[in-house]
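Here the structure is laid out as C-alpha cells; the discussion comes afterwards.
Every number in this text was worked out from the coordinates using simple rules, so none of it is lab data. Not measured: the values here are computed from a predicted model. All Cβ positions, glycine included, derive from the backbone under ideal geometry; neighbour counts span all protein chains shown.
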Amino acid sequence: MACQTCRALADEIVLTDAPRVDLDDHWRVEHCYPVAVTGWLVLVLRRHARALHDLTDDEAASLGHWLPAVARALHAATDSEVEYVMQFAESAGFQHVHFHLVARPPDWPDDLQGPGVWAAFGVPNPVSSSKTTGVMEALALHLGLSPQPSGPLHS
Ligand SMILES: [Zn+2]
C-alpha cells in the first residue's frame, strides 16, 4: 500500500479535519482524526522514513526541540495534566515516522489511562471539527506559528 502519510504530505489526500501547523522543514503537527479526545495531535516527519533510527541528525535535533515545545503548547491550549507520547508507525499505509501526542486532562476516565487511550482512536463519532480547529489555532498561537487550512477531509 502506498504511504498514506506521504500522500497527505503531498496534498493528495486529507487526513485531518482541522488546520495543521508546519513547525519547520522536518516536522508538521496536526490533529488526529477520527478520535474521541480533543487535543490528540500527530507530529509527522515531513519526508518518508520507516523508523526512528532513520532520522538524520538534523531531524533528530529538531524533534528534540519540538516534542517538548508542542507538549507545552498543548498544555497551554487544553490545560492537560500530562501529555501521552506514542510512536509505532505499524498500520498499513502509515509506516512512516509519526508521534501521537495526547492531551490527558485531569478528569480522565480510568479505561482510557495509558495504552487504553487507543479506545478513543478510530471512533465512529469523533470530536467536532470546531473543537479540533480551536485546539490547533490555540496551539499555533502558543507556538508563534500560523495554522494552515487542511482542506476538506477525503481519502
Ligand atoms: Zn511516507
Positive minus negative residues near Ala103 (Lys, Arg vs Asp, Glu; Cβ under 10 Å): -2
Filtered chymotrypsin sites (Phe, Trp or Tyr not before Pro), the stretch 1-84: DSSP coil and at most 15 other beta carbons within 10 Å: none
Within a Gaussian network of the chain (alpha carbon springs, distance under 10 Å), most fluctuating of Thr78, Thr16, Thr56: Thr56
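Counting only other residues whose beta carbon sits under 13 Å from that of Ala69, what net charge do I get with K and R as +1, D and E as -1?
After counting each charged neighbour, the total is -1.
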Sorted by Cβ density within 10 Å, fewest first, the residues Phe121, Phe99: Phe121, Phe99
MRE, 222 nm, helices only [DSSP H, n ≥ 4, -39500 (n - 2.57), over the chain, to nearest 500]: -9000 deg cm²/dmol
Mean projected area (nm²) of the alpha-carbon convex hull when the stretch 34-117 is viewed from all directions: 6.0
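Rounded if a/c is under 1.5, else prolate if a/b beats b/c, else oblate: with a ≥ b ≥ c from the C-alpha gyration tensor eigenvalues square-rooted, which is the stretch 69-155?
Judged from the Cα gyration tensor, the stretch 69-155 comes out rounded (a/c under 1.5).
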Compactness index (Cα Rg / 2.2 N^0.38 Å), the chain: 0.97
Exposure proxy order (Cβ contacts within 10 Å, fewest to most) of Arg28, Arg7: Arg7, Arg28
Inter-label distance, nm, simple model (7 Å from Cα along the C-beta direction), His65/Glu137: 2.7
